[in-house]
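What follows is calculated from the coordinates using simple rules that are stated; it is not laboratory data. Keep in mind the model is a prediction, meaning the values are calculated, not measured. Virtual Cβ from ideal backbone geometry, glycine too; neighbours counted across all protein chains shown.
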Amino acid sequence: MLTKLEIEGTRDTAYILFDKENNLFEIKGNSLPENTNKFFEPIFDWIEHYLQDPNTDTNLKCDLEYFNSSSAKMIYQIFIEFEKILEHGNDVSISWYFESGDALIEEKGMEYKTILNIPFNLIEK
Amino acid sequence: MPSMNIDTTFWFFDRISEDNLCLLYNGNFSDEITNKLIELSEYNISNNLSLTKMKKKASFLMAECFQNIVRHGEIIDGKVVDYVDEGFFLTKNWQGIYYITSGNLIETTKISELKRQLEKVNSLSKDELKQLYRDVLENQEISEKGGAGLGLIEMARKSGQKLDYHFSTFDDKFSFFYNQIVLKSTDVSFEDNKADFELKEAIDYHEKMVKNNILVIHKGDFSQDAIFPVLKIIEENLQKENKDEVSKKKIYHILVELLQNISHHCYVENDKKEGIFLIGEADGYFVINTGNLIQNENVDNLKKHLDILNNLNGKELKELYLDKLRERNLSEKNGAGIGLIDIARRIISPVNYSIIKIDSKKSFITINVIA
């Protein structure tokens, strides 16, 4: 079994939980790392392994307070990787949370929704 | 009210370009803001080997300056409550010298008494100061102000120098009281080596900031540890402005993108990634300027990119943003393109810029946006 990836959140990096065994997938908090590639690298590595044998129903929960534009690209790439699960015939979806009145995070979610083929739910908190 | 224009950035950069760091603040001094100003100054000191020895002393003196600003603010009567905590603060490092300057409003009628105290402190020797400190502690009733006299004595004792001060008229009732402390990393005595940066110059900067409605200027390192206190100071000020959540987040986002752009893309000289950043206000909007050196060979591309952005409408900018988002290239260098596009979508001005050629290798670029 693929061991879970859990990274504590900091003032500039998000809390990450990718747990195959318990079927929990979460990105939460703030993302504006000094070095974006370095932060996201282990996440892409984990996803690469996960894609070899994904769970039957994967839901990625995104509950972000703020993220910068280089993180926006990384998050998009994560979604693109998750889209590949559809090719396995398994279910996958994204839940995008935003604080009521937070136009920036809501708008970012809507933009992702329009350019992705993956089921994408916008959820007002 | 006048606001800073694009040339203001170079005006400051030109004057402080030799400094390792320079932080100027003109505004409200809440506890949160003074804490962040100290945190940023301490970070800057820690990053400079020749200064680390004086970190404790500098922190103490900064805290003392802030207490003067805030404590004197509190006694001002209700009529002028608008600028109750208004003040000025500067820290600056030039070679082995560290400058701390503060300015706060006092009632003009109280100048003569304060002057008397300052002159008294300046006339005493080290031992006499120590004795006076004890006398004040033991004998004098602590006044409502909390004994500003003690603060002055402590500043003179800890800095080991005469207090450098100046008064400027603010309005018919108030004046600014400025005070500058100079710390040197070597054991050079202050008498035989006069400060190269005069208090008068700091006051010029403050006046320029007031005239142009500038809140913060930071010249120095743009690593994450330096960016965060700056962001916090701005957030606190946004809070005070009663801006709605949407505008607050938008301004925060623009700041993050612009500040990180400097750290990722500026011209690196002697291992230093340096830039200057100014934020001010105009007619309820925030004016943000950043300036940094870039390699001459990158000037044309950047110009082209900015000119394209400035010619697109909102819908076209959004499409360009989504195209960039979908590009597979994930390198940090490409992040800048998308950052500027996202900024262009959220400002009420074009992305104004000016480029000044410095020498055969590098140019200075200023970016100015209003949000």
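General observations
- Backbone geometry of the stretch B:347-360 corresponds, through the Karplus equation with coefficients 6.51, -1.76 and 1.60 at θ = phi - 60°, to 3J(HN,Hα) couplings of 10, 8, 10, x, 7, 6, 8, 9, 10, 10, 6, 8, 7, 5 Hz, x marking Gly and Pro.
- The stretch B:92-111 versus the stretch B:1-57: alpha-carbon centroid distance in Å: 13 Å
- Rounded, prolate or oblate (a/c below 1.5 giving rounded, otherwise prolate when a/b exceeds b/c) for the stretch B:163-297 by Cα gyration tensor: oblate
- Long pairs among A:LYS73/A:LYS108; B:LYS53/B:LYS219; A:LYS73/B:LYS36; B:LYS92/B:LYS219; B:LYS273/B:LYS361, criterion Cα-Cα beyond 19 Å: B:LYS53/B:LYS219; A:LYS73/B:LYS36
- Between 0 and 90 degrees, the angle of helix B:314-326 with respect to the longest Cα principal axis of chain B falls at about 80 degrees.
- In terms of Cα atoms, the Rg and Dmax of the stretch B:241-371 work out to 14.9, 47 Å.
- At 1.002 mPa s and 20 °C, Stokes diffusion of the protein assembly as shown via Kirkwood alpha-carbon radius, µm² per second: 85 µm²/s
- Under 5 Å, built H, 5+ apart or other chain: amide partners of B:ILE358: B:SER363, B:PHE364
- Between B:VAL121, B:VAL287, B:VAL182, the GNM of chain B built on Cα springs shorter than 10 angstrom shows B:VAL121 fluctuating the most.
- Part-to-part distance (alpha-carbon centres) for the stretch B:229-284 and the stretch A:86-114, which is given in Å: 27 Å
- Cα gyration tensor category, rounded, prolate or oblate, for the stretch A:5-124 with a/c compared to 1.5: oblate
- Under 5 Å between amide hydrogens, built in the peptide plane, is the criterion, and for B:LYS173 it picks out nothing among residues at least 5 positions away or on other chains.
- Averaged over the residues of B:321-328, the number of partner chain Cβ atoms lying within 10 Å of the residue Cβ comes to 4.
- Chain B: C-alpha gyration tensor shape, a/c 1.5 cut-off, then a/b vs b/c: prolate
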